[in-house]
1. Does segment 85-139 hold any residues that are assigned to a helix (DSSP H, G or I) and hydroxyl-bearing (Ser, Thr, Tyr), and which are they?
2. Listed residues 49, 71; which is surrounded by fewer than 17 Cβ atoms within 10 Å (Cβ to Cβ), over 25 Å from residue 13 (Cα atoms) and free of Cβ contacts under 8 Å to residues at least 24 places away in the same chain?
3. If you go through segment 65-82 one residue at a time, how many are farther than 25 Å from residue 131 by Cα and either in contact with a Cys (Cβ under 8 Å, 6 or more places away or on another chain) or in a strand (DSSP E or B) (or both)?
4. State whether one or more residues within segment 34-43 are in contact (Cβ under 8 Å) with a residue 24 or more places away in the chain, among the small types (Gly, Ala, Ser) and part of a helix (DSSP H, G or I).
5. Considering only segment 89-119, state which residues are more than 21 Å from residue 55 (Cβ to Cβ) and among the aliphatic types (A, V, I, L, M).
6. What number of residues within segment 44-64 satisfy the criterion of being small (Gly, Ala, Ser), assigned to a helix (DSSP H, G or I) and under 10 Å from the mean Cα position of the chain (by Cα)?
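Readers should treat all values here as calculations from the given coordinates under stated rules, not as data from a laboratory. Owing to the predicted nature of the structure, the values given are computational and were not obtained by experimental measurement. Here the Cβ positions follow ideal geometry from the backbone for every residue, glycine too, while neighbour counts run over all protein chains shown.
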Amino acid sequence: MNSTHRPEPQPANLHIFIVEGSRAVRERLEELIGTIAGADCAGSAGNAADAIGAIRETRPDAVILDIGLAAGNGFDVIRELHGSNPDIPIFVLSNFVIEPYRRLAAKLGAAGYFDKSTQIEQMRAVLAQRAAQHTTVKH
């Protein structure tokens, strides 16, 4: 009698993609994601065109997005992705925290908007909660 051992399905990590114009800040955000149980960095990009292509290819579970990018801007990314991939929540993390930007991001489909200088820990808490609730299993 042959028996095949199949491992129990394990919860998959919450895959988070970073879109940030500054390499140093991208690296800091990768480190931050590394501190969240059940989360990992799915990739990163510094400009809108690269971000849109990579996110469509990798299909992450969430995106951290800055408004100011090396080329293009975060609003371009939200417009493109929310139309074609509305199931991927986009969390804006930016120094541009004026109310018109917050409203526009929400109107375009952003799931949240955080001030880069004062609300990184709040954004981390939101992502940690999502990671804890993430129920997709690997096959």
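1. So in segment 85-139, the residues assigned to a helix (DSSP H, G or I) come out as 99-108, 120-133.
Scanning segment 85-139 gives a single hit, 101.
2. Working: 71 fails: free of Cβ contacts under 8 Å to residues at least 24 places away in the same chain.
Within the list 49, 71, the selection yields 49.
3. 2
4. Within segment 34-43, the first condition is being in contact (Cβ under 8 Å) with a residue 24 or more places away in the chain, and the residues that meet it are 35-43.
Okay, now just the ones that are also among the small types (Gly, Ala, Ser), so 37-39, 42-43.
Imposing the further condition that a residue be part of a helix (DSSP H, G or I) reduces the set to none.
No, every residue in segment 34-43 fails to be in contact (Cβ under 8 Å) with a residue 24 or more places away in the chain, among the small types (Gly, Ala, Ser) and part of a helix (DSSP H, G or I).
5. So the first thing to find is which residues in segment 89-119 are more than 21 Å from residue 55 (Cβ to Cβ), and the list is 95, 97-100, 102-103, 115, 117-119.
Correct list: 97, 98.
6. Of segment 44-64, the ones small (Gly, Ala, Ser) are 44-46, 48-49, 51, 53-54, 62.
Of the ones still in play, those that are also assigned to a helix (DSSP H, G or I) are 48-49, 51, 53-54.
Imposing the further condition that a residue be under 10 Å from the mean Cα position of the chain (by Cα) reduces the set to none.
Number of matching residues: 0.
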